[in-house]
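> Take a look at this one; I'll ask things after.
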Amino acid sequence: MPKNISFILIFTFIITISSFKESECASELSVNPAEEAFYSKPDQIIKKFRKESFNCQKNIILARAYRDKKKLKTAILYYANSCFDKHYNFQIRLFAQPVYSFVQSENVKSIFYNESVYQIASLFFDYAEYEYVIKFTRLIENDKSALYRDSVLLRSRSLQKLNLFNEAIDDLKKISSVYKDHESLSLIYLRLGSVYESSGNFYNASDSYINVIKTESGIWQNSIASKRLIYLTTEKKVILDSSEKFKCFASALYDAGQFNKALIIIETILQKEQSTDMEILKLNILTLKNYPKAILFLKSKEGSTGYEKLLLAHANILWEHGRRKESVKIYNRLTSTSDNQLLEGVLTRLSFYYEERNKPEFISYMELYMKKFPEEVQSGRFLWLIGRYFVKINNREKASEYFKTGIMKYPDNFYTSYCRFWLYKNSSTEKKTRPPENLEFLEELAVNNPDTYHALTLLKDEADKSETSILTKQYKEALKNKNKNRALLFHTLLFIKNGYNNSHSERLKQLDNSITTKYTETAGLFKKTFSSEKYNSFLKNIETYFYAGDIYGVNREVKLIPENDESQKFLASALTVYSDKFRYYNYSTFYGFKLLKHLKLKENLSLLPQEFAEALYPYAFSECVNDESKKFKVKPELLLSMMKAESNFNHAAKSPAGAIGIMQLMHPTAKGISKDLRIKVYDLTNPCTSIKFGANYITWLNRYYNGQIEYMVAGYNAGAGNVNKWKSYTINKDIDYFSEFNPFDETRDYIFKTKKYIIQYESIYKNQEKQLK
């Protein structure tokens, strides 16, 4: 029995495909069709699978492809033939009755049965077959899934169309007592409101729309609810009979951009009672629509309770709408407040405002923040930023003072690694010799900051210049002297140098348990299988959607998981396992890091099991990466690192600027590359196409910048023109200075992330079958 029982319990939720053994079709289930579905367009799926339809998994993937192509009858055919394990009929007459007779027959259901029947029902709804929609949805298992919720919502729409209002209301009320998450409740109450309206019960309809607003689910729900309330209160003369309902209505109108209507209601409320929330809402509207009146309203409230909150709200609205100078004046007025919660936000905003503009005033705000809130993580960051400023103006002595203070007060703060890195640079001679306290310095990095670029860069430098035999000897001496932190340092250096090998496994057994236990137990996530009565149904549904290559279905179910910490740990565990198994790389790394955060573990790859490290840093699209890296002579670790930094392996990613795909290429850049490659038709959301185009561009940049990776990576992110301009500003500075004082925050972070990922990829895959070549 592991020592850390609470940690292991997280993983007892995980179930495996063994839960599907009663299904014959389960023996034919494979990760490969799912992977194709995740990353392929409908035409590609249809072309690949259409002749292999006697398989429930491929049938549901085909069905969704045909639905996306708007070939709805064909979609119904394939959904019907994904309902059963070994029972197919491609001669079904595609009308409601024959399809219903087929899917309700006594055959062994496939794992896709519920989803397929729901999709069939929704398609027949579009054909106005409401009576059959009701029949189809009653075939779906009530397993408390999001799918079952949606089937009831769909059935209520059909019942409403048939004027069976009471039956629809009963169905909706039943599920409102089961589904307690905000999104579910907002959807249920919206449906209830609509049914009540159709039945002529306008009072209950208005209450339902008020309940939508109370769920605080989102702007689009509020927008619909507020529009219906406007109609009911104006056209149907419904009276909102409580102050709470009026406040909800006013907030929803504000969120929906209905400012004039919101203001009328707010004024009505304020005539009857004092409400700071409503005053803030009023001030926000006036600030946007009638600024002179906003100023007069503020003056009228000066000295009253809640005045500072009004002032802050006013400043925030100005800030959000680009009127920064005006808002900064107000924030400055608020620095004398005795409200610490308010003060913390104000000082943070002022600090970053002036720091981003390179104005030394930021120092006084940051120092006041550190004085008032010394225990906050932000204080450690501020010490780094002040020291950074003095590096920039070439005052090394002053910079070192702040760096040393940061290290002393916040030894394991993320930004302390920045302090240590630049303190080292300040302390080094022109020959870059190490400071005398070198081992202590490196030990602090390995123990406190194993997850940052700056720490890994210095640790890799040390590993590269040291022989394995010497590091091993130093590691054994540290063990003998029971110096656990020193032993961890040499273990980390050996890992960076040699990766996962037999020696690594042996060292993990020898290191102090207080360091390794929580890390090594994560191996249970990938090597052990457990079951949980509470979550079995949920996990079965999640895995079903992964087999169907349906990330929408996965996301729909995931939203039902409660927001409490223990449930979120479970969710991160399950999604890491499934997305790693099904090679949905964007989620394996996203949820893997989320799990580390929930477990309060630093990202120390040298302590993590290999399987978990590979989930965090997957060798994504390995065949394409290997092919293109050889063709364009780009190192695979560089391609993988840039994919992770650019999009976190999200093939459908699209940036606000219009960059597309896993390599985030802009259309003009891609067009130029396509001419170079003589490719006329291409799809940037296709992972292999994106990798090919990205590798081509990287090769050009690499030649242009003579292999200087920082310039090349910056050029990929911000364009060669910007890099050339920035180089001219830093002619007499080293490459670390260029990277750190890059004027684009995004590019600076991108350089650091990419170089960090390269080090990690090199270590993880040094001794694996998929070795980086």
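> So how exposed is M278, as accessible area in Å² (1.4 Å probe, rounded to 10)?
It works out to around 10 Å².
> Can you compute the modelled spin-label distance between E506 and Y737, with each label point 7 Å from Cα toward Cβ, in nm?
4.7
> Here's a follow-up. To make sure I understand the rule: partners must be lysines, Cα under 16 Å from the Cα of K58, and not fewer than 8 residues away in the same chain. Which ones qualify?
Partners found: K41, K47, K48, K86, K109.
> Give me the Debye-computed log₁₀ of I(q)/I(0) at q = 0.15, 0.22 Å⁻¹ for segment 333-381, equal point scatterers on Cα only, no solvent, two decimals.
-0.34, -0.73
> Using the Karplus curve 6.51 cos²θ - 1.76 cosθ + 1.60 with θ = phi - 60°, what ³J(HN,Hα) values do you get for each residue of segment 209-223, in whole Hz, with x for Gly and Pro?
5, 4, 5, 4, 5, 5, 5, 6, 7, x, 5, 5, 5, 4, 5
> Non-local amide H neighbours of L665 (under 5 Å, H modeled in plane, Pro and chain starts lacking H): which ones?
Result for L665 returns I660.
> Based on the Cβ-Cβ distance of K325 and E28, what FRET efficiency does E = 1/(1 + (r/R0)^6) give at R0 = 56 Å, to the nearest 0.05? Present the calculation step by step, with values, prior to reporting the outcome.
Numbers: r = 66 Å, r/R0 = 1.17.
Given R0 = 56 Å and the Cβ-Cβ separation, E is 0.30.
> Here's another thing I want to ask about it. Non-local amide H neighbours of N81 (under 5 Å, H modeled in plane, Pro and chain starts lacking H): which ones?
none
> For the pair K180 and S223, how long in nm is the line joining their label points, each one 7 Å along Cα→Cβ?
3.1
> Next question. Computed FRET efficiency, Cβ-Cβ of T517 and N395, R0 41 Å: what is it to the nearest 0.05? Each step should come with its number before you reach the end.
On the way: r = 45 Å, r/R0 = 1.09.
Result of the calculation: an efficiency of 0.40.
> Let me ask something additional. Can you compute log10 of I(q)/I(0) for segment 186-274 with the Debye formula, treating each Cα as one identical point scatterer, at q = 0.13, 0.14, 0.19 Å⁻¹?
Each listed q corresponds, in turn, to -0.36, -0.42, -0.77.
> With the contact rule set at Cα under 8 Å and sequence spacing of 6 or more, what percent relative contact order holds for the chain? Don't skip to the answer; put the middle values down first.
Values: 997 pairs, mean separation 85.3, N = 773.
Reported as a whole number, the value is 11 percent.
> Among rounded, prolate and oblate, which fits segment 567-656 when a ≥ b ≥ c are the square roots of the eigenvalues of its C-alpha gyration tensor, a/c under 1.5 means rounded, and a/b larger than b/c means prolate?
Details: a/c = 2.11, a/b = 1.68, b/c = 1.25.
Cα axes put segment 567-656 in the prolate bin.
> Continuing with this model, one more query. Zone of H667 (label point 7 Å along Cα→Cβ, backbone N under 11 Å): which residues in segment 39-68?
No residue passes the distance filter.
> Full extension from K289 to D68: what is 0.36 nm times the residue separation minus their Cα-Cα distance, to one decimal in nm?
Working: separation 221, 0.36 × 221 = 79.56 nm, distance 4.29 nm.
Computed gain between K289 and D68 is 75.3 nm.
> Quick check: at a probe of 1.4 Å, how many percent of the accessible area of the chain sits on carbon and sulfur atoms? Numbers along the way, then the final one.
Details: 17450 of 35820 Å².
Taking all protein chains in place, the chain shows 49 percent carbon and sulfur surface.
> Determine which residues of segment 286-324 fall in the zone a paramagnetic label at Q274 would reach in this model, i.e. backbone nitrogen under 20 Å from the point 7 Å along Cα→Cβ.
Answer for segment 286-324: 296-314.
> Shifting gears a bit: Relative to the present Cα-Cα distance, how much length would full extension add between I92 and K372 at 0.36 nm per residue of separation?
Values: separation 280, 0.36 × 280 = 100.80 nm, distance 7.36 nm.
Contour length minus Cα-Cα distance gives 93.4 nm.
> Provide the three semi-axes, in whole Å and in decreasing order, of the ellipsoid equivalent to segment 268-379 as defined by the square roots of 5 times the Cα gyration tensor eigenvalues. Display every interim value, and only then the final one.
Working: eigenvalues 158, 54, 21 Å².
So the three semi-axes of segment 268-379 are 28, 16, 10 Å.
> How far, in nm, would the chain grow between N648 and L677 when pulled straight, counting 0.36 nm per residue and subtracting the alpha carbon separation? Each step should come with its number before you reach the end.
Details: separation 29, 0.36 × 29 = 10.44 nm, distance 2.56 nm.
So the extension gain works out to 7.9 nm.
> Solvent-accessible area per residue for the chain at a 1.4 Å probe radius, Å²? Intermediate results must be reported in sequence, preceding the final value.
Numbers: 35820 Å² over 773 residues.
Here the per-residue accessible area is 46 Å².
> Evaluate E = 1/(1 + (r/R0)^6) for E244 and E302, where r is the Cβ-Cβ distance and R0 equals 51 Å; express this FRET efficiency to the nearest 0.05.
Values: r = 29 Å, r/R0 = 0.56.
Calculated value: 0.95.
> Could you tell me whether segment 468-529 comes out rounded, prolate or oblate from its Cα gyration tensor? Rule is a ≥ b ≥ c as square roots of the eigenvalues, rounded for a/c under 1.5, then prolate if a/b exceeds b/c, otherwise oblate. Display every interim value, and only then the final one.
Numbers: a/c = 2.76, a/b = 1.56, b/c = 1.77.
It is oblate, given that a/c is not under 1.5 and a/b is not larger than b/c.
> Related question: Return the aspartates and glutamates within reach of K70: Cα separation strictly under 16 angstrom, same-chain partners fewer than 8 residues apart disregarded; answer none if there are no such residues.
Of all the aspartates and glutamates, those that pass the test against K70 - Cα under 16 Å, at least 8 places apart if same chain - are D43, D126.
> Follow-up. For the residue pair N536 and N564, what label-to-label distance in nm results when each label sits 7 Å from Cα along the Cα-to-beta-carbon direction?
2.2
> Here's something else I'd like to know. Aspartates and glutamates near K755 by alpha-carbon distance under 15 Å, same-chain residues fewer than 8 away left out - which ones?
Cross-link targets: D451, D461, E637, E646, E710, D736, E740, E746.
> Classify segment 353-500 from the C-alpha gyration tensor, please: rounded if a/c falls under 1.5, else prolate or oblate depending on whether a/b exceeds b/c. Write down the numbers at each step before the final one.
Numbers: a/c = 2.68, a/b = 1.96, b/c = 1.37.
Prolate, since a/c reaches 1.5 and a/b exceeds b/c.
The values are calculated or read from the model by the stated rules, or taken from the named source; none is laboratory data. Nothing here was measured: the structure is a model prediction, and the numbers come from that model. Here Cβ is always computed from backbone atoms with ideal geometry, including for glycine, and neighbour counts include all displayed protein chains. Areas reflect the complete protein model, heavy atoms only, side chains present, ligands, DNA and RNA absent. Shrake-Rupley method; radii C 1.70, N 1.55, O 1.52, S 1.80 Å.
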